[in-house]
Every structure is written in C-alpha cells, then in structure tokens.
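To start, I am sharing the structure in question, which I have written as structure tokens.
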Amino acid sequence: MFMFSVVLLGSCGKEGCTDPQALNYNPDSTKDNGSCEFFDIGDINIGDTMQGGVIFYLDGNGGGLIAATADENEKQWGCSGIWASTDTLIGSGLSNTQNIVDTCGQGTAADFCINLSLNGYNDWFLPSKDELGYLFNNIIGSFSYNQYYWSSSEADSINISSAYAIKITSGLEMSLVSKTTFCKVRPIRAF
C-alpha cells in the first residue's frame, strides 16, 4: 500500500500596496500588506507625482488628469481621409482615443496609447486638443523643443486628413497637421 502526502505551499510573492488608486501603489506587489495610502483631495496639487505620472489638471471634484513624464516614440495619427468623430474639450481624450481605435484600427498613436502599460497602469490615452494645451501650459515633464505632439482631436468632419498637434517654440503653437505625419506622443490618464 502506498501513502501519499500533500504539501501545501503558501503563495510566494512580494508584499506591498496592491491598490492602483493608492499613492504608494506597487505594480510588482502580489500580496497586499495593508500599507496603501490614499490622498485627501485637499492634499494633491498640479505637479505632484501620483499613479504612474504627474498631475497636470484637477477638475475640482477630486479627479483630474495625469501625464506620463516622458515622450513616447513618434507615431502617425493615422486614419487619413476618415472621420473618427472626435472632440476638443477637456474630458474627451479617452472617448476620442477609443473612437480612433474603433474607426481606424491598429497602428495609430491612439492605438499605441490605449495599449500602453506604463508604471503599473494600462489606462493611458491620447489627450484631446484642450487637454494637450493644458498639459503644455503647465509644462509637466520635459518636452522636445520644436517638435510636434499629437492630440486626439481632428480638425473637423470636412478636413478629415488633419488633426491638431502642438509644439513648443518661443511659445505654444497649435497647428493642424497631416494625419500621416510622425509626431511625438505624450500619453495621459484620468483619476
């Protein structure tokens, strides 16, 4: 007669804060150790590092926008000659990004952002025209001088081969650029 013994192994893993909404979230942690620290709305400011990037916009209701601290490689906006039905307002970047991906498919700057996993977060998107302008006005992170950065906002339903991009020169220059042009990308996310 054979005897079998069963050995139960405890789960091995790195302990830390596993809540992505916490200030001290650690994407490498597999077991929560109760150390998560959450922010008080009154304690956060533009320029604070939080949740994978730097805060550049606060909505006054406890939410806001966070930018990645570095540029991503140049990408085409894509979808030239096709209207993806985008908007320019603050708060429209995520829906714009999804509209671009749904309409144009893979290989666009929006597709890159929506599939990006950075600093433990995977909910990045391409900022709208107004979000990008706000980001540049607050100069969060270092930006390349005299280089265009894509927004997720198109010109309009008539001029369907252009989208808004911004560049830093002696000031900020917002321009309509051909969707086939390669421009830098600065992903953002909401909290």
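The values are calculated or read from the model by the stated rules, or taken from the named source; none is laboratory data. Bear in mind the structure is a predicted one, so any value in this text is a computation, not a measurement. For neighbour counting, all protein chains shown are included, and Cβ atoms are generated from backbone atoms with ideal geometry for every residue, glycine included. Areas reflect the complete protein model, heavy atoms only, side chains present, ligands, DNA and RNA absent. Shrake-Rupley method; radii C 1.70, N 1.55, O 1.52, S 1.80 Å.
For PHE38, tell me the accessible area in Å² from a 1.4 Å probe, rounded to the nearest 10.
120 Å²
Also, I was wondering about something else. Subtract the Cα-Cα distance of ILE160 and THR69 from 0.36 nm times their separation in residues, and report this length gain in nm to one decimal.
Taking ILE160 through THR69 to full extension adds about 29.7 nm, to one decimal.
A further question on this structure: I want to check the label-to-label distance for GLU37 and ASN138. Put each point 7 Å from Cα in the C-beta direction and report it in nm to one decimal.
2.1 nm
Suppose a student asked you for the relative contact order of the chain, using Cα pairs under 8 Å spaced at least 6 residues apart; what percent would you report?
It comes to 22 percent, rounded to a whole number.
Now a separate question. Of ILE160, ILE46, which has the most accessible area with a 1.4 Å probe, and how do the rest follow in descending order?
Per-residue accessible area, sorted high to low, gives ILE46, ILE160.
What are the ³J(HN,Hα) couplings of the range 156-163, residue after residue, when phi is run through the Karplus curve with 6.51, -1.76, 1.60 and θ = phi - 60°? Round to Hz, x for glycine and proline.
5, 6, 9, 8, 8, 9, 10, 9
Could you grab the Rg to Rh ratio for the chain? Cα atoms only, Kirkwood for Rh.
Dividing the radius of gyration by the Kirkwood radius yields 1.13.
Right, next: Would you calculate the separation in nanometres between label points at ASP102 and ILE44, each defined as 7 Å from the Cα along the Cα-to-beta-carbon direction?
The answer from the label model is 2.7 nm.
Using a cut-off of 15 Å between beta-carbons, work out the net charge of the residues near ARG189 (Lys and Arg +1, Asp and Glu -1, ARG189 not included).
-4
Same structure, new question: Explain nothing, just the number: dipole magnitude of the chain about its Cα centre with +1 on each Lys and Arg Cβ and -1 on each Asp and Glu Cβ, in debye rounded to the nearest 20.
Roughly 500 debye, rounded to the nearest 20.
Which far-off residues, 5 or more places away or on another chain, put their amide H under 5 Å from the one on ILE46, with H placed in the peptide plane?
Correct list: empty.
From largest accessible area down, sort MET174, MET50; use a 1.4 Å probe on the protein chains.
MET174, MET50
Give the angle, between 0 and 90 degrees and rounded to the nearest 10, that separates the Cα long axis of helix 93-104 from the longest principal axis of the Cα atoms of the chain.
Taking the Cα atoms of the chain, the angle to 93-104 is about 80 degrees.
Please give the calculated 222 nm ellipticity per residue for the chain, where each DSSP H segment of at least 4 residues contributes -39500 (n - 2.57) and the sum is spread over every residue; nearest 500 deg cm²/dmol?
-4000 deg cm²/dmol
In whole Hz and in residue order, list the ³J(HN,Hα) couplings for the range 131-137 that follow from phi through the Karplus curve 6.51 cos²θ - 1.76 cosθ + 1.60, θ = phi - 60°; x for Gly and Pro.
5, 5, x, 5, 4, 5, 5
Now for a separate question. Can you work out the Karplus-derived ³J(HN,Hα) for every residue in the range 57-66? Use 6.51 cos²θ - 1.76 cosθ + 1.60 with θ = phi - 60°, whole Hz, and x for glycine or proline.
8, 10, 8, x, 10, x, x, x, 10, 10
Looking at the chain as a GNM with Cα springs under 10 Å, which of SER128, SER92, SER144 has the largest mean-square fluctuation?
Taking springs between Cα atoms under 10 Å, the residue moving most is SER144.
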